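Some notes on the structure that comes next.
The numbers here are math on the coordinates, done by the rules we state, and not lab data. Quick caveat: nothing in here was measured; it's all calculated off a predicted structure. Every residue, glycine among them, receives a Cβ derived from its backbone with ideal geometry; neighbour counts consider all protein chains shown.
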Amino acid sequence: MPPVPLSKKISGREVYGYALGEGATSLTMNGISAFAMLYYTQALGLPFSQAGFAFAVASIWDALVDPAIGHLSDNTHTRWGRRQPYILFGGIALAVTFYFVWAVPSFILHGGLLFPYVIMMNLLCRTAYAVFVVPYVALGYEICTDYHQRSQIQGARSALNMLVNLLGPALGWSIFFPDTPGGPEATSVVSNFLHMGSAFAIATIVFTAVVVVVTRHHISDTRGVVTGTGNSLGAFYRDFCEIITDRYLRPIVIFMCLGLTGGTFVATLQMYLYVYFMHLTALQKTIIHGGGMVLFAIGGLTSVALERRFDKRNAVCIGAGIAAVADLSAAIIFLSGLLKPTTVWIVGGHTIPIAVIVFGGCDMLNWLGIGLFCSLASSMIADVAEVNDRDSGVRKDGGYAAIFAFATKLVLSVSVFIASACLAWVGFVNGSDHQNPTAIRWLVLLTFGLGSLFAASVIPIALRYPITQEFMTKVKADIAARKASTAS
């Protein structure tokens with residue numbers, strides 16, 4: 001009998017074919033993150049507090065439903081496997097609900113029902129997203145178990161996410177929100193958002209179909225096969241408690257929650273800085289926003305080389321350090337008056353918008369660092385799930401993917417709500433094209449100051465992560481020995 005292999009690799013074509021599924025999540029979630037707050041507050045006139053509350057509730061619901069989806073996926077028995085059916089149904093539902101996030105019926109607008117409508121549609125959209133993304137992530141853990149290639153596949157997901165973000169939400173500034181000389185601010189025009197929502201919904205269906213077709217070779221008939229611990233409430237509760245208290249999972253969840261809190265403040269508030277602080281043109285918005293997406297993707301791809309050289313926890317610290325320094329630099333430069341938003345240099349008769357360049361550079365480097373540690377965290381979760389497989393004898397990839405999403409989304413929902421509330425707290429006026437300079441200054445401090453603080457706090461937590469390549473080599477050997485013993 002041939003020896004049981006210690007790990008399973010997949011081809012480069014399969015790595016990037018699987019990663020294409022990130023197109024669906026990127027267009028929908030990044031689209032909502034980038035434009036929904038502006039849409040509801042500036043175009044439709046919903047108060048900041050109500051918009052922030054609606055997004056927070058939807059995000060909390062998304063977090064709460066994740067563990068249930070993960071457990072169901074782990075214990076699903078169909079001829080089409082336990083992941084792809086959820087991916088297909090969830091992706092289509094995601095596209096439909098995403099469209100109606102933007103296509104608000106006229107009777108809703110004129111009947112004073114906008115606030116409950118925003119809550120309802122965002123709840124439906126987030127539910128569909130959970131049904132799609134939890135089995136999708138778990139599928140990635142299953143099809144690749146190699147220590148280093150796990151970082152490659154997660155880096156590929158990050159890169160594809162940001163590539164689609166660049167071609168969608170980032171490029172959307174120029175495609176869907178062009179400057180109109182003498183006209184209203186483009187982000188105050190309702191039809192612009194509806195055109196964007198329609199295009200992204202169609203593309204989401206296409207990406208969903210592609211990932212299902214590309215990964216069809218990994219479908220395994222699970223009828224009559226024990227794939228988990230069962231679908232009873234007791235089994236769900238035991239799995240939830242076991243995973244949430246996993247000592248190897250704990251440092252990953254903590255540092256990701258801290259890092260993503262800072263990233264959420266930057267992502268939520270930077271759009272307002274584009275418009276009201278830097279007064280960027282549509283092209284400049286596209287370059288800076290798109291550049292951030294490119295650097296995030298580069299961070300995800302670079303993480304593979306960094307973790308090979310320094311191992312995963314040290315590579316995470318490098319990424320967090322880059323983000324912290326970039327945000328701190330932006331805060332110091334613009335709050336100290338070293339540069340004003342309108343500062344330009346005249347070089348050889350050419351006008352160089354140095355303030356825009358520095359602002360964009362700091363913003364993009366921040367996303368480079370975040371891209372590094374986010375992709376590595378997903379790779380670490382796959383390692384932790386495999387350690388649990390060794391200890392428990394049952395593979396719970398869906399459960400681990402779901403609990404990780406549950407914890408991070410719960411923190412993100414609170415961060416979005418607080419960031420949204422900060423707009424009203426500093427004195428921002430919704431629906432107005434003119435804002436108080438003091439409010440803008442506070443917004444710069446909150447965006448980059450908190451971004452730097454939270455990114456720096458990742459480092460001491462990540463250093464406590466105990467799993468290394470040597471550790472995982474021993475785990476894989478133990479699992480292979482168990483399988484060989486069972487087979488004999």
Report summary line: Cα pairs beyond 12 Å in region 162-216, in percent, come to 71 percent
Requested in this report: Report the equivalent ellipsoid semi-axes for region 223-369 in whole Å, largest first, defined as the square roots of five times the eigenvalues of the gyration tensor built from alpha carbon atoms.
Outcome: 42, 17, 15
Query raised in the report: On average, how much area does the Cα convex hull of region 220-288 cover when viewed from any direction, in nm²?
Result: 9.3 nm²
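Rank by packing, highest mean first: peptides 309-320, 239-250, with packing defined as the count of other Cβ atoms within 10 Å averaged across residues.
Details: 309-320: 22.2, 239-250: 16.7.
Highest to lowest by the protection proxy: 309-320, 239-250.
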**Report entry** Rounded to whole Hz, the Karplus (6.51, -1.76, 1.60) HN-Hα couplings of region 420-428, x for glycine and proline
**Finding:** 5, 5, 4, 4, 5, 4, 7, x, 5
Query raised in the report: So, in Å, what gap is there between the alpha-carbon centers of region 14-86 and region 353-376?
Result: 24 Å
Report summary line: Cα-Cα longer than 19 Å, checked against LYS9/LYS476; LYS396/LYS483; LYS312/LYS476; LYS8/LYS409; LYS8/LYS474, kept in input order, equals LYS8/LYS409
Report summary line: In order over region 339-347: 3J(HN,Hα) from phi, Karplus 6.51/-1.76/1.60, θ = phi - 60°, whole Hz, x for each Gly or Pro, gives 9, 9, x, 9, 5, 10, 10, 9, 10
Query raised in the report: Non-local amide H neighbours of ILE352 (under 5 Å, H modeled in plane, Pro and chain starts lacking H): which ones?
Result: TRP345, ILE346, VAL347
**Report entry** Size of charge dipole - the chain - debye, nearest 20, with Cβ of Lys, Arg +1 and Asp, Glu -1, no other charges
**Finding:** 820 debye
Query raised in the report: Taking amide H positions as placed 1.01 Å from N in the peptide plane, with prolines and chain starts having none, which residues 5 or more places from ARG82, or on another chain, fall under 5 Å of its amide H?
Result: SER220
Query raised in the report: What angle, in degrees between 0 and 90 and rounded to the nearest 10, separates the Cα long axis of helix 250-272 from the longest principal axis of the Cα atoms of the chain?
Result: 20 degrees
Requested in this report: Alpha carbons only, please: Rg and Dmax for region 40-98, in angstrom.
Outcome: 16.2, 49
Report summary line: With the convex hull built on the alpha-carbon atoms of region 376-447, volume per residue in Å³ sits at 113 Å³
Report summary line: Bounding extents of the chain in its principal axis frame from Cα atoms, largest first in Å, are 78, 52, 36
Query - Mean separation of Cα contacts under 8 Å (6+ apart) over length of the chain, as relative contact order % - result: 28 percent
Query raised in the report: Across region 72-79, in residue order, what do the Karplus-derived ³J(HN,Hα) couplings come to in whole Hz, using 6.51 cos²θ - 1.76 cosθ + 1.60 with θ = phi - 60° and x for Gly and Pro?
Result: 4, 5, 4, 10, 8, 10, 9, 5
Query - Nearest-ten-degree value, helix 354-392 long axis tilted from longest Cα axis of the chain - result: 20 degrees
Report summary line: Whole-percent tail of the Cα-Cα distance distribution for region 7-138, cut at 18 Å, equals 58 percent
Query raised in the report: What is the spin-label model distance, in nm, from ASP391 to ILE332 if the labels are put 7 Å beyond Cα along the C-beta direction?
Result: 4.2 nm
Report summary line: Computed over region 329-488, the relative contact order (Cα-Cα under 8 Å, seq sep at least six) in percent reads 21 percent
Report task. Return the Cα extents of region 139-264 along principal axes one, two and three, sorted largest first, each rounded to a whole Å. Result -> 64, 36, 35
Query raised in the report: How far is helix 282-310 tilted off the main Cα axis of the chain, in degrees rounded to 10, range 0 to 90?
Result: 30 degrees
